[in-house]
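Asks: Got a structure for you, questions after.
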Amino acid sequence: MILRNLRISLRSLKRNKLFSAIGIVGFASGFSVCLIIGFYIYNELSVDKHLRNHEKIYRLVDATSNSSGIDYRIHDVLKEEYPAIEKVVPVEISPMNADVYTDNNSIYIKGIIATTNEFFDIFGVNVTESISGQPFAGQNSSVLTRSAASKIFGDSNPLGQALKVSHIETTVSAVIDDFPANSSIDGNILINSENADNRLNNSFANNEIFSTTTHYLLLRSSNESTGLEKILNQTLGSYSRQVKEVRLQQLKDIYLNTTIIDGNKHGNQSLIRILALIGIIILLLSVVNYINYILSLQLKKYNEIGIRKTNGAGLSHLLISYVSDVLLWIILALIISLILVKSTLPFFNNLFQIRLQFNLLYSTPIVISCVLILLFILLLACIPLLLLLSKYDVQSLLKNKTVSRKNKPYISVLTIFQLSVSIVLIIGLLVLQKQIIYVKNRDLGFADNALLYIKIPYKALNYESFREELLKNPSISKASLSTGVPGSIWSRMNHEDWSYTLHFMDIDEHFLSTMGIELLAGENVSSNDKDKCLVNEATLKALEISDYKGNQVNGMNIVGVVKDFNFAALHQSIQPLVMKYGNGRDLSVNLSGADISSAMSHIRKTWESMTANVPFEYYFYDSWFDSQYKKEEQLSYACTIFSLIAIIITCLGLWGQIIFISTSKTKEIGIRKVNGARVSEILSMLNKDFVKWVALAFVIATPIAWYAMNKWLENFAFKTELSWWIFALAGLMALGIALLTVSWQSWKAATRNPVEALRYE
């Protein structure tokens with residue numbers, strides 16, 4: 001019986017090749033996209049869960065400043081005074097490139113971690129080589145990842161070698177495996193923070209300077225976290241004046257939480273949510289199309305169903321036959337979708353900058369999700385048949401009295417749903433592109449065009465001599481040395497009595513003219529101004545003063561005010577900034593001449609003549625700031641691709657609808673043409689419903705898209721406007737797509753010879 005039903009289903013596919021192909025390929029495309037999105041989401045949600053004790057590892061967070069940086073001195077207190085804590089480790093990750101020196105080499109390395117030997121136990125780091133029983137052999141030792149060791153020392157044995165990390169002198173004592181891709185902690189060089197000189201972060205509060213770090217706790221039981229947090233808040237204040245209120249954050253929650261200030265690697269939570277929503281939408285569109293197609297095929301078989309019921313076929317026989325058709329479609333679609341996933345996975349890995357493996361398909365959550373989805377589709381497809389058989393008797397089925405469009409209102413509802421989704425996606429794409437163009441072209445408040453940034457390694461050369469040598473080239477008009485530059489200002493200060501954060505820069509007297517920053521009032525700083533500073537407009541607002549004259553900030557006299565400029569990405573509002581005179585090694589070079597290539601050649605030659613084996617690295621400010629919107633661009637690329645797939649699936653659905661409608665109206669069209677109807681009238685008759693559906697979909701989609709885009713734009717301090725033309729353009733595009741999709745089939749039906757339709761009447 002199974003084989004007979006299978007043969008019947010195959011014959012049905014052959015008789016309706018076009019219809020079946022559209023339905024199967026459309027569903028396979030949507031299902032493959034859902035699988036890829038599922039792979040990505042599962043991979044992101046599994047970060048840090050590879051650790052054996054991940055459920056018992058927590059991070060201490062300063063609830064007052066929403067930062068993971070807490071006074072280093074409580075490390076010993078946590079270890080000795082709280083029995084619920086099995087182990088505790090300080091982990092400070094520097095997000096900046098560090099200058100790394102050996103006797104024969106000098107390079108930049110990103111990812112410096114200051115920690116202790118407990119780190120390797122708590123996080124299960126595999127030590128491949130060491131010179132002692134512990135990774136850190138002493139307070140001045142360092143540990144390298146295997147890739148960092150290869151990059152720094154090549155094929156030489158790194159153990160016992162001297163290594164200078166910025167100004168810190170160390171000896172390599174161990175080599176470890178690289179951190180796995182699904183870890184929120186990532187780095188290349190680890191230094192021992194038991195040495196106070198190796199602690200990477202200093203803060204000032206309550207009139208004292210102290211080191212801050214992140215504290216990871218391994219609890220004896222994850223059930224003790226709530227009680228421990230309460231005890232910590234009651235007692236930690238007696239050990240450190242800096243700690244007011246803390247909370248415990250579980251390790252698995254760190255990767256996707258970007259609200260806490262830290263140096264960890266983080267995922268894009270908004271991308272996960274949007275892709276999950278798009279995946280669900282694409283799956284729904286695919287299911288709608290699939291159900292539409294297979295039901296349309298069944299509607300052609302009313303006579304067959306009536307004859308089979310007349311000959312004694314029961315509900316179970318009809319249902320088994322129907323399920324055979326559905327299962328065949330699902331199996332074929334599943335095979336095609338797996339082929340599509342396998343072939344397109346490298347492309348999406350490049351898009352997401354991630355390494356997804358096809359074997360994720362065999363993970364338990366993915367398998368369970370796929371089985372549940374397919375069972376849901378099978379059940380959903382069977383419901384209309386059961387309703388049909390319960391509603392109509394044999395005579396109605398034999399006489400085809402159920403084929404009237406009035407008896408199938410679901411067609412218009414499903415089509416309006418598909419069109420509404422497409423309009424929302426089109427509006428979303430237009431707003432996304434408009435915002436990215438806006439942030440990339442907005443005036444940052446300084447002249448970022450043809451402005452070069454060179455970070456000079458520690459003591460690599462004489463900074464001032466290098467600056468003066470560059471100015472000898474006629475294409476270089478200005479150059480300035482500073483500590484920190486727009487896009488990389490890390491020196492900041494908080495105070496318990498402040499509602500703001502002060503950012504600090506050391507600049508020379510050439511900084512404002514080099515950067516093109518406007519001095520609104522007062523005078524510039526100079527080498528004689530050790531106790532004087534410049535501030536931006538945001539600082540005056542934070543200090544709640546209208547005039548800088550006679551006022552101080554952080555013990556320095558304010559001598560001038562500069563116009564606000566963006567020194568961070570446009571996600572953030574402009575923060576208070578204090579600039580004082582000082583010697584720095586961040587060099588900004590203004591290439592104002594016509595021959596930029598000559599200027600770059602001069603800079604490189606000067607660098608090579610004044611340094612020995614020190615790599616020359618530089619960035620153009622405009623490109624550097626553009627790179628800060630990488631997440632938004634990644635989101636834009638992903639949404640564009642998946643939205644195009646969703647729109648194509650919608651088009652396939654519309655195409656199937658017009659095929660079914662024109663087929664069911666074949667005789668009506670023939671009669672109208674015999675009675676003198678023009679082609680334009682036939683086209684109008686076939687297409688007018690689609691125009692109405694687009695109009696209704698536009699009314700439904702507009703408020704949904706407006707709300708969603710408003711929420712997304714809240715992530716930016718500086719944002720574009722939701723212009724009316726975006727919604728109008730989306731509606732026109734949806735109408736154009738719908739009419740282009742259906743017009744070809746409508747034209748075929750309208751120009752068909754009426755004799756063919758009426759020959760059997």
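The values are calculated or read from the model by the stated rules, or taken from the named source; none is laboratory data. Everything numeric here is computed off the predicted structure, so don't read it as measured data. Every residue, glycine among them, receives a Cβ derived from its backbone with ideal geometry; neighbour counts consider all protein chains shown.
Asks: What residue, of 387, 295, 319, 379, is of a type in the set (A, V, I, L, M), assigned by TED's automatic domain parsing to the domain that holds residue 20 and modelled with pLDDT of 75 or more?
Replies: None of the other options fit; the residue is 379.
Asks: Of 539, 501, which residue is among the hydroxyl-bearing types (Ser, Thr, Tyr), touching a Pro at 6+ places or on another chain (Cβ under 9 Å) and without any contact (Cβ under 8 Å) to a residue 40 or more places away in the chain?
Replies: Result: 539 is the single residue among 539, 501 that is among the hydroxyl-bearing types (Ser, Thr, Tyr), touching a Pro at 6+ places or on another chain (Cβ under 9 Å) and without any contact (Cβ under 8 Å) to a residue 40 or more places away in the chain.
Asks: Among the residues of segment 95-118, is any among the small types (Gly, Ala, Ser), out of contact with any helix residue (DSSP H, G or I) (no Cβ under 9 Å at 6 or more places or on another chain) and either surrounded by fewer than 21 Cβ atoms within 10 Å (Cβ to Cβ) or at negative phi (or both)?
Replies: Scanning segment 95-118 turns up at least one residue that is among the small types (Gly, Ala, Ser), out of contact with any helix residue (DSSP H, G or I) (no Cβ under 9 Å at 6 or more places or on another chain) and either surrounded by fewer than 21 Cβ atoms within 10 Å (Cβ to Cβ) or at negative phi (or both).
Asks: Given (1) closer than 30 Å to residue 269 by Cα; (2) part of a strand (DSSP E or B), where does residue 629 come up short, assuming only one miss?
Replies: All conditions pass for residue 629, except number (2).
Asks: Let me ask something else. Looking only at segment 239-285, how many residues end up being in contact with an Asp or Glu (Cβ under 6 Å, 6 or more places away or on another chain) and in a helix (DSSP H, G or I)?
Replies: Number of matching residues: 3.
Asks: A further question follows. Just to check your reading of the model, which residue among 566, 557, 583 is in a loop (DSSP other than H, G, I, E, B), in contact (Cβ under 8 Å) with a residue 24 or more places away in the chain and over 37 Å from the mean Cα position of the chain (by Cα)? Spell out the reasoning first.
Replies: On the way: 566 fails: over 37 Å from the mean Cα position of the chain (by Cα); 557 fails: in a loop (DSSP other than H, G, I, E, B).
Step by step, each of 566, 557, 583 is checked, and only 583 is in a loop (DSSP other than H, G, I, E, B), in contact (Cβ under 8 Å) with a residue 24 or more places away in the chain and over 37 Å from the mean Cα position of the chain (by Cα).
Asks: Shifting gears a bit: Is one or more of the residues making up segment 179-190 farther than 20 Å from residue 116 by Cβ, in a strand (DSSP E or B) and within 27 Å of the chain's Cα centre (by Cα)?
Replies: No - not one qualifying residue is present in segment 179-190.
Asks: Evaluate segment 602-621: report whether one residue or more is surrounded by fewer than 20 Cβ atoms within 10 Å (Cβ to Cβ), in contact with an Asp or Glu (Cβ under 8 Å, 6 or more places away or on another chain) and not assigned by TED's automatic domain parsing to the domain that holds residue 492.
Replies: No: segment 602-621 contains no residue that is surrounded by fewer than 20 Cβ atoms within 10 Å (Cβ to Cβ), in contact with an Asp or Glu (Cβ under 8 Å, 6 or more places away or on another chain) and not assigned by TED's automatic domain parsing to the domain that holds residue 492.
Asks: Let me ask another. Taking segment 736-749 as the search range and keeping residues that are surrounded by fewer than 19 Cβ atoms within 10 Å (Cβ to Cβ) and either touching a residue at least 24 places away in the same chain (Cβ under 8 Å) or not assigned by TED's automatic domain parsing to the domain that holds residue 688 (or both), which one is nearest to residue 444 (Cα to Cα)?
Replies: That would be 739.
Asks: Can you confirm whether segment 132-143 contains a residue that is more than 22 Å from residue 97 (Cα to Cα), touching a Gly at 6+ places or on another chain (Cβ under 9 Å), at pLDDT below 90 and assigned by TED's automatic domain parsing to the domain that holds residue 88?
Replies: yes
Asks: Within segment 649-668, identify whether any single residue is part of a helix (DSSP H, G or I), of a type outside the set (Asp, Glu), under 26 Å from the mean Cα position of the chain (by Cα) and at pLDDT 80 or above, and answer yes or no. Full working, then the answer.
Replies: Just the residues of segment 649-668 that are part of a helix (DSSP H, G or I), to begin with: 649-664, 666-668.
Those still in the list that are of a type outside the set (Asp, Glu) too: 649-664, 666-667.
Now drop any that are not under 26 Å from the mean Cα position of the chain (by Cα), which leaves 649-650.
Still in the list and also at pLDDT 80 or above: 649-650.
Yes: one or more hits.
Asks: Right, another one. Does residue 277 fit the bill of being of a type in the set (A, V, I, L, M, F, W, C) and in contact (Cβ under 8 Å) with a residue 40 or more places away in the chain?
Replies: no
Asks: While we're here: Please name all residue pairs, on different chains or six or more residues apart, with Cβ atoms under 8 Å, provided the first residue is in segment 690-709 and is in contact (Cβ under 8 Å) with a residue 12 or more places away in the chain and the second residue is not in a helix (DSSP H, G or I).
Replies: Within 8 Å, the pairs are 706/722; 709/722.
Asks: Pairs under 9 Å by beta carbon, first residue surrounded by 13 or more Cβ atoms within 10 Å (Cβ to Cβ) in segment 671-688, partner acidic (Asp, Glu), six or more apart or different chains?
Replies: Every condition considered, the pairs that remain are 671/761; 672/681; 685/668.
Asks: Also, quick follow-up: Residue 68 passes all but one of (1) small (Gly, Ala, Ser); (2) crowded, with 21+ Cβ neighbours inside 10 Å; (3) more than 17 Å from residue 241 (Cα to Cα); which number fails?
Replies: Going through (1) small (Gly, Ala, Ser); (2) crowded, with 21+ Cβ neighbours inside 10 Å; (3) more than 17 Å from residue 241 (Cα to Cα) one by one, residue 68 breaks only (3).
Asks: Only one of (1) within 26 Å of residue 354 (Cβ to Cβ); (2) crowded, with 19+ Cβ neighbours inside 10 Å is not met by residue 151, so which one is it?
Replies: (2)
Asks: State whether one or more residues within segment 173-184 are over 24 Å from residue 52 (Cβ atoms) and either surrounded by 16 or more Cβ atoms within 10 Å (Cβ to Cβ) or among the acidic types (Asp, Glu) (or both).
Replies: yes
Asks: Within the set of pairs 6+ apart or on separate chains, which have a first residue in segment 331-354 that is without any contact (Cβ under 8 Å) to a residue 12 or more places away in the chain and under 18 Å from residue 374 (Cα atoms), a second that is among the hydroxyl-bearing types (Ser, Thr, Tyr) and part of a helix (DSSP H, G or I), and C-beta atoms under 9 Å apart?
Replies: Qualifying pairs under 9 Å: 339/32.
Asks: Residues to consider are 564, 531; find the one that is assigned by TED's automatic domain parsing to the domain that holds residue 514, modelled with pLDDT of 85 or more and among the charged types (D, E, K, R).
Replies: Answer to the selection: 564.
Asks: Quick one: which of 719, 711 is among the basic types (Lys, Arg), farther than 10 Å from residue 424 by Cβ and in contact with a helix residue (DSSP H, G or I) (Cβ under 7 Å, 6 or more places away or on another chain)? So that I can check it myself, show each step before the final result.
Replies: Numbers: 711 fails: in contact with a helix residue (DSSP H, G or I) (Cβ under 7 Å, 6 or more places away or on another chain).
After applying the criteria, what remains is 719.
Asks: Next up: Take residue 589 and decide whether it is assigned to a loop (DSSP other than H, G, I, E, B), surrounded by 15 or more Cβ atoms within 10 Å (Cβ to Cβ), more than 24 Å from the chain's Cα centre (by Cα) and not assigned by TED's automatic domain parsing to the domain that holds residue 738.
Replies: Numbers: assigned to a loop (DSSP other than H, G, I, E, B): no; surrounded by 15 or more Cβ atoms within 10 Å (Cβ to Cβ): yes; more than 24 Å from the chain's Cα centre (by Cα): yes; not assigned by TED's automatic domain parsing to the domain that holds residue 738: yes.
The answer is no for residue 589.
Asks: Among the residues of segment 241-254, is any among the β-branched types (Val, Ile, Thr) and within 25 Å of the chain's Cα centre (by Cα)?
Replies: Yes, there is a match, as at least one residue in segment 241-254 is among the β-branched types (Val, Ile, Thr) and within 25 Å of the chain's Cα centre (by Cα).
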